[in-house]
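Everything on this sheet refers to the single structure shown next.
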Amino acid sequence: MDLKPDSSGRDCGCPTDSRIGRHFDTKVAERSAKCQDPSLIAVSQRLRDALLSREPAGKTVLELGCGRGALLFELVQAGVARATGVDLSPAGIDAARDRFERAQLSEPADLSVGDAARISLERHDWVILDRVMCCYPDVEALLANTLPAAGQIYAFTVPTSRGWRGVAARLEEWFENAWNTLRGDPCPGYVHDLDLIEERLATACFRLRQRDRHRLWHIAVYERFAG
């Protein structure tokens with residue numbers, strides 16, 4: 001995969017907010033110390049099921065914010081031809097590599113540290129962002145960099161911004177941010193405007209194909225059409 005700096009000269013290795021990478025490095029270290037390898041949480045399971053229903057065998061898949069690689073791993077098991085994972089957390093990428101190596105599935109997997117809003121991305125059939133947009137203060141920059149990389153499918157999960165669930169999601173993010181700051185491990189989180197996200201997808205010639213909801217999370221799979 002092409003992970004060169006983009007044409008603006010910004011350093012692809014520089015995270016949007018370095019606290020995010022450090023926060024997830026800490027989480028990985030804590031779980032490793034306890035010999036824990038958490039399975040996918042419920043919202044990620046819903047996204048996985050939606051993707052598996054679209055027959056991933058033979059596809060090329062790019063997951064941005066892949067973390068420890070649990071979702072990407074299941075897609076490789078389902079037969080994807082090539083799986084590329086990028087994450088801000090070096091510890092998360094190390095854990096993902098270990099997961100694939102232990103299962104002897106390293107060959108189709110390319111895992112690296114990088115900032116999804118900045119790095120130059122090679123086009124893949126599918127692009128996935130599971131609980132990733134909420135880590136970026138500038139969601140428009142993230143969308144502008146990642147949408148062109150999706151040849152067929154763009155799938156994501158985000159906290160909803162609509163109705164009472166949107167109010168609850170913002171309160172939840174506020175309390176979580178405050179708690180992490182008090183613990184000395186700040187990791188800002190954001191509830192972005194779903195209308196804006198959907199508008200950018202439509203402008204990039206994507207149509208909604210599948211939508212789901214889990215508690216305060218919005219789950220969506222979009223497909224590119226000829227514009």
Using just the alpha carbons, could you tell me how many Å³ per residue the convex hull of the chain encloses?
-> 116 Å³
Using alpha-carbon positions, what is the distance between the centroids of region 17-60 and region 149-186, in Å?
-> 16 Å
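Output the antiparallel fraction of DSSP beta bridges having both residues in region 75-227, as a percent to the nearest 5.
Working: 15 of 26 bridges.
Counting DSSP beta bridges with both partners in region 75-227, the antiparallel share is about 60 percent.
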Using a Gaussian network model of the chain with C-alpha springs under 10 Å, which one of 100, 156, 175 is most mobile by mean-square fluctuation?
-> 175
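What does the charge dipole of the chain about its Cα centre add up to, to the nearest 20 debye, if the Cβ of each Lys and Arg holds +1 and the Cβ of each Asp and Glu holds -1? Present the calculation step by step, with values, prior to reporting the outcome.
Working: 30 positive and 33 negative charges, 103 e Å.
Computed charge dipole of the chain: roughly 500 debye.
Using just the helices of the chain, give the 222 nm mean residue ellipticity in deg cm²/dmol: DSSP H runs with n ≥ 4 each add -39,500 (n - 2.57), and the total is spread over all residues, rounded to 500. Each step should come with its number before you reach the end.
Details: 7 runs with 86 residues, N = 227.
Value at 222 nm, helices only: -12000 deg cm²/dmol.
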Pick from 60, 146, 181: which is most flexible by mean-square fluctuation in a GNM of the chain where alpha carbon atoms under 10 Å apart are linked?
-> 181
Within the accessible area of region 14-69 (1.4 Å probe), percent carbon and sulfur | 49 percent
Given charges at beta-carbon only (K, R positive; D, E negative), |dipole| of region 87-208 in Debye | 240 debye
Loop only per DSSP, at most 16 neighbouring Cβ atoms within 10 Å: give me the trypsin sites (Lys or Arg not before Pro) in region 117-216, ordered by residue number.
-> 123, 162, 183, 215
Per the C-alpha gyration tensor (a ≥ b ≥ c, the square roots of its eigenvalues), region 36-94 is rounded if a/c is under 1.5, else prolate if a/b beats b/c, else oblate; here it's oblate
For the chain, built as a Gaussian network whose Cα springs stay under 10 Å, the top-fluctuating residue of 56, 186, 38 | 38
Vicinal HN-Hα couplings computed from phi for region 114-126 (Karplus, 6.51 cos²θ - 1.76 cosθ + 1.60; Hz; Gly/Pro x) | x, 9, 4, 7, 10, 6, 7, 10, 6, 5, 10, 4, 10
Surface/4 of the Cα convex hull for region 121-227, nm² = 7.0 nm²
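The values are calculated or read from the model by the stated rules, or taken from the named source; none is laboratory data. Small disclaimer: the values here were computed from a predicted structure and weren't measured. As a convention, Cβ positions derive from the backbone with ideal geometry for all residues, glycine included, and neighbour counts pool all protein chains shown. These area figures cover heavy atoms from the full protein model, side chains too; ligands, DNA and RNA do not enter into them. Shrake-Rupley method; radii C 1.70, N 1.55, O 1.52, S 1.80 Å.
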